[in-house]
Amino acid sequence: MPLVDIHGRRIEYRMVPGDAAARPTLVFLHEGLGSVALWRDFPVKVAKRLGARALVYSRFGYGQSDGLLAKNTPRFMHK
């Protein structure tokens, strides 16, 4: 997956092509322990069905994105 640099830190992402002029871009945020890879082909299927572009990304600390800057607390899944 490609990586984009944001203020010196890398985020893993995937763009699904579609008609940006006709529809808003869909943004897929994974659940607490997910990543871009775990979405598999679901974002592609949804984007194609709607004729929209889609952005799928892995938050810091997940997938191939850079790690977290601080340790998670036991309540990280509740935040």
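Counting Lys and Arg as +1 and Asp and Glu as -1 over every other residue whose Cβ lies under 13 Å from the Cβ of A47, the net charge comes to +4. Taking other residues whose beta carbon is less than 14 angstrom from the beta carbon of S58, and scoring Lys, Arg as +1 and Asp, Glu as -1, yields +2. In this simple spin-label model, placing a label point 7 Å from the Cα along the Cα-to-Cβ direction at both R9 and M77 gives a separation of 2.3 nm. As a length-normalised measure over Cα pairs under 8 Å and 6 or more apart, the relative contact order of the chain settles at 36 percent.
Share of carbon and sulfur in the accessible area of the chain stands at 58%, probe radius 1.4 Å.
The values are calculated or read from the model by the stated rules, or taken from the named source; none is laboratory data. Quick caveat: nothing in here was measured; it's all calculated off a predicted structure. Here the Cβ is made from the backbone with ideal geometry for all residues, glycine too, and neighbour counts use every protein chain on show. The area values use the complete protein model at the heavy-atom level, side chains included, leaving out ligands, DNA and RNA. Shrake-Rupley method; radii C 1.70, N 1.55, O 1.52, S 1.80 Å.
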